[in-house]
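Working notes for the structure below.
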Amino acid sequence: MARTRISTTVDHELLMRVRALHPGATDALIIDDALTALLARERAAAIDAAYRSAYELHPIDVSDAWGDLGSFHDAVTASR
């Protein structure tokens, strides 16, 4: 994987807290992990938005040929 050098300033206390949680980790690894987590959070938000959009088009309590998702959810919950 190609690496890119960055130079920036960050909150000192925040960096010290993260370094304490990950002793031995390089700052580069900490930043890689943070960037990966940021991308994961954005991906999760996009998935949530897609579900919201789908349920706006097809509400959970509207029946189709297979029934309705609300009743299915209730049945699954009751079987636990």
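Modelled spin-label separation between residue 64 and residue 79, with each label point placed 7 Å from Cα along the Cα-to-Cβ direction: 2.0 nm. Gain on full extension, evaluated as 0.36 nm per residue between residue 8 and residue 42 minus their Cα-Cα distance, stands at 10.0 nm. Which residue, 69, 44, 14, has the largest displacement toward the positive end of the dipole of the chain when charges sit on each Cβ (Lys, Arg +1; Asp, Glu -1)? Sorting the options by dipole projection puts first 14.
Here, each number is a calculation from the coordinates, and none is a lab measurement. Remember, it's a predicted structure, so these values are computed and weren't measured experimentally. In this analysis, Cβ positions are derived from the backbone assuming ideal geometry, glycine residues included, and neighbour counts consider all displayed protein chains.
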